[in-house]
Amino acid sequence: MKSMKVDVLTLDAEKAGSVELDEAIFALEPRADILHRVVTWQLAKRRAGTHAVKFRSDVRATNKKMYRQKGTGHARHGSRRVNLFRGGGRAFGPVPRDHGFSLPKKVRKLGLKTALSAKRAEGRLIILDGLALETGRTKLFKEKLDKLGLENALFIDGPEIDPNVRRAAANIPHIDLLPSEGANVYDILRRDTLVLTRAALERLVERLK
């Protein structure tokens, strides 16, 4: 297993040692096709699929024939519930359904590795010693973000996010927080910078080995 060293920073942008990154996870060749497949799969799963319309059988109207079949000078009609009339049923409309589809676990895992590798290759990967605050004040967290030079970033921590950090980040736009179990390709790609804590790094390596 090859590895590479990167610096570890504190929330005050001070150096706190270094850590080894596994090249099998953080140094893969770019694969736009894999990223596209995984993101499409994620977004399809998020769709509610509850869109629906009323069809002819769902519309309430009389069953009586509108007028006699011939001799009126009008087209021949029988039901007022057809889609030709206002208030009639819709033809070929959407129905509630699941938009999700299956994607092999190997592809999903490769997608996450590729996303992590892309952030490292772009120089947009930061490793933090930890992610915790004494208070949940937004101003305090914003000051630390300014020291790190972050305006648009995704923070991934260990099993849980520190409550003070979650509270402080709630009012800051373009800053997202996720526990390590929630790490995914879509959220990594939608933010400019990826910030991992030591705890998140350990768990991701275990997950992706």
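Summary of values
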| quantity | calculated |
| --- | --- |
| Asn152 being over 15 Å from Thr193 (Cβ atoms) and of a type in the set (S, T, N, Q) | no |
| Residue satisfying condition, being under 19 Å from the mean Cα position of the chain (by Cα) and of a type in the set (D, E, K, R), within set Arg46, Arg56, Arg90, Arg86 | Arg46 |
| Test set (1) without any contact (Cβ under 8 Å) to a residue 60 or more places away in the chain; (2) in contact with a Leu (Cβ under 7 Å, 6 or more places away or on another chain); (3) farther than 13 Å from Leu116 by Cβ - Lys144 fails condition number | (1) |
| Filter result for Ala121 (surrounded by 19 or more Cβ atoms within 10 Å (Cβ to Cβ) and not hydroxyl-bearing (Ser, Thr, Tyr)) | no |
| Number of positions in the range 153-173 that are of a type in the set (Gly, Ala, Ser) and in a strand (DSSP E or B) | 1 |
| Flag for Arg81 being of a type in the set (Lys, Arg) and not assigned by TED's automatic domain parsing to the domain that holds Ala13 | yes |
| All positions within the range 174-209 that are under 16 Å from the mean Cα position of the chain (by Cα) and either farther than 23 Å from Arg46 by Cβ or assigned to a loop (DSSP other than H, G, I, E, B) (or both) | His174, Pro179, Ala183, Asn184, Arg190, Arg191, Asp192, Thr193 |
| Any hit, the range 152-169, residues being in contact with a His (Cβ under 9 Å, 6 or more places away or on another chain) and either touching a residue at least 12 places away in the same chain (Cβ under 8 Å) or within 25 Å of Leu35 (Cα to Cα) (or both) | yes |
| Meets criteria (over 32 Å from the mean Cα position of the chain (by Cα) and not acidic (Asp, Glu)) for Arg81 | yes |
| Test: residue in the range 63-82 that is within 30 Å of Lys113 (Cα to Cα), touching a Lys or Arg at 6+ places or on another chain (Cβ under 9 Å) and either polar (S, T, N, Q) or in contact (Cβ under 8 Å) with a residue 40 or more places away in the chain (or both) | no |
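The values are calculated or read from the model by the stated rules, or taken from the named source; none is laboratory data. Since this is a predicted model, take the numbers as computed values, not measurements. Cβ atoms come from the backbone with ideal geometry, glycine included; neighbour counts cover every protein chain shown.
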